[in-house]
Amino acid sequence: MSQPILLLNCGSSSIKYQLLQTDTEEPSAVGIVQRIGQPGSTLEHEVGSEEFRLEQDFSDHTAAVAAVVKMFEAHGPSLEGVIAVGHRTVHGGSTFQESVRIDDGVIAALNELSDLAPLHNPPAIAGIEAAMRVLPDVPHVAIFDTAFFSTLPAAAYTYALDRDVMTEHGIRKYGFHGTSHQYVSQQAAVFLDRPLEELKTIVCHLGNGASISAVDGGVAVDTSMGLTPLAGLVMGTRSGDVDPGLHKFLGSKGMALAEIDTLLNKKSGMAGLCGYTDMRDVAAQIAEGNKDAELALDVYVHRLVSYIGSYIAVLGGVDALCFTAGVGENASHVRRPVIERLKGMGFELDVDANEQRSKEPREISTADSKVRVLVIPTNEELAMARETLKVINP
C-alpha cells in the first residue's frame, strides 16, 4: 500500500503542489496556484483525467494554501493517509546544509534568514505554518534550494570583500533553485544517454524567479544567484545584477534602504521595464507594438546570453544547454533569440522543434549543432519527495 507525501513548492507568486505516491513516484494529484497577490489569481487542480479550476484572488500564500486544502476536500484525493509534507525552502544560509525535519527552532531560524530571501522565505514559512495546522500529526520537512550549490569552489562563492566581515556575517554566494538545477542536469544525462560524470551542462531555470548554473559532471561549479535570490538574471519583479553603488546613489536621492530593497525585489525586472511579469503578456504586448515590452525582452535575453557565454568559459566548453521552469519550458519566443545570438559559438536552433509544446524532455537543436539544446521539464517535487523520505526514514 502506497504512502503518499504532500509536496508544497511556494514560489514568490505561486504554489505548485503534488500528492505523490511513494511506491510509484507518480502523483495522484497535482496543482498550481498562480498570480498570488496579483489580480486574476487561479488555482488548477488535477486528479487523474479530471481538472478543476478556481478563479479567485488570493491575497497571500496563507490564503492560497487554505484554498488548496479545500480543493482536496472537495475533489480528492483525501489527505488523511499522508505520511509527511515536504516543503521547498529557499534559503538555508550557513545554518542548513541539508534537508531537515521542521520544528519550532527550524521555523525561528528560517525567520531569521528571511532578510536573505525576502520574496521566498516568508511565503515558504507561511506555507509551512498553514500546512502544519492542517496536518499537525505528520512530519514536515524543509528541503533547501541552497544545498546543491554547497559544492561551489571557493573562487566562485567568495566575494571580494573584507574577510572578517564575510566570516562574521556568513556572506558568500549561496545559489538557489538548487533542487531544479540538480534534477535537470541529471535528466539531461538520461536524455542524452551519457554518463553524468562526463557532461558539462548549463541549466537555465527561467520562471518568475530565474537562475542559471554551470554543472560539471553533476557537480555545480557556478550559479547566477548569490547571497540572496536577487542577483543574476532579469526576473519577473527582481532586477538581477545591478551596480553595487546603486544603493548609495538612490540613498543620496532620498530613498530609504527599505524602499530601495522593495524597488529591486518587487518593482524591477520585467515589471519595472514594461509593467508585465508574465512572458505571455510580454509577447502579446510586443505583437501590439509596445516598445517598452520589446526592450524588456531584449534586456532579458542579453543578460541570459552573457551568463551562458561566461559559463562556457568557466566549464571549458559545454555539451548541453538546458531550459526549464515556466518560461524556459514554454516560451519559445524567449529561447529563439537566445540560441540565435549564440550561433557564433556553434549553437543551431531547430525552429520547428522549438515551437512544439510538450511535457516531455525534448531537443530543440539541429543535428548540426555543436551543442545539444534541450527543454527538460523540471520536477522539483519528485526530488523533494526523495529528500523527504531520506529525512523521515534515515
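The values are calculated or read from the model by the stated rules, or taken from the named source; none is laboratory data. All of these numbers come straight from a predicted model, not from anything done at the bench. All Cβ positions, glycine included, derive from the backbone under ideal geometry; neighbour counts span all protein chains shown. These accessible areas exclude ligands, DNA and RNA; they are computed on the full protein's heavy atoms, side chains included. Shrake-Rupley method; radii C 1.70, N 1.55, O 1.52, S 1.80 Å.
A few notes on this one:
- For LYS266, the conditions (1) touching a Leu at 6+ places or on another chain (Cβ under 8 Å); (2) at pLDDT 95 or above; (3) open to solvent by 50 Å² or more (accessible area, probe 1.4 Å) are fulfilled apart from (2).
- Counting the residues of segment 112-145 that are open to solvent by less than 20 Å² (accessible area, probe 1.4 Å) and of a type in the set (D, E, K, R) gives 1.
- Residue check for VAL299: at pLDDT 95 or above, assigned to a helix (DSSP H, G or I), β-branched (Val, Ile, Thr) and under 16 Å from GLY272 (Cβ atoms): yes
- Selection within segment 152-202 - hydroxyl-bearing (Ser, Thr, Tyr) and farther than 25 Å from ASP115 by Cβ: TYR183, SER185, THR201
- GLY209 vs. criteria open to solvent by less than 30 Å² (accessible area, probe 1.4 Å), modelled with pLDDT under 95 and either farther than 27 Å from VAL334 by Cβ or touching a Lys or Arg at 6+ places or on another chain (Cβ under 8 Å) (or both): yes
- Qualifying positions in segment 269-282 - surrounded by fewer than 17 Cβ atoms within 10 Å (Cβ to Cβ) and not acidic (Asp, Glu): GLY275, ARG280
- Given (1) buried (at least 18 other Cβ atoms within 10 Å of the Cβ); (2) in a loop (DSSP other than H, G, I, E, B), number of the condition ALA214 does not satisfy: (2)
- Within segment 146-172, if we keep just the residues that are within 24 Å of ASN111 (Cα to Cα) and in contact with a strand residue (DSSP E or B) (Cβ under 7 Å, 6 or more places away or on another chain), the residue that is least open to solvent (accessible area, probe 1.4 Å) turns out to be PHE149.
Per-residue answers, yes or no, for (1) open to solvent by 10 Å² or more (accessible area, probe 1.4 Å); (2) within 25 Å of ASP278 (Cα to Cα); (3) in contact (Cβ under 8 Å) with a residue 24 or more places away in the chain; (4) not aliphatic (A, V, I, L, M):
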residue	(1), (2), (3), (4)
SER12	yes, yes, yes, yes
ASP23	yes, no, no, yes
GLN34	yes, yes, no, yes
GLN38	yes, yes, yes, yes
HIS45	no, yes, yes, yes
LEU54	yes, yes, no, no
ALA64	no, yes, yes, no
ALA67	yes, yes, yes, no
ALA84	no, no, yes, no
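- PHE191, sole failed condition from (1) open to solvent by 10 Å² or more (accessible area, probe 1.4 Å); (2) farther than 20 Å from GLU380 by Cα: (2)
- Restricting segment 297-309 to residues that are touching a helix residue (DSSP H, G or I) at 6+ places or on another chain (Cβ under 8 Å) and touching a residue at least 60 places away in the same chain (Cβ under 8 Å), the residue that is farthest from ARG362 (Cα to Cα): VAL299
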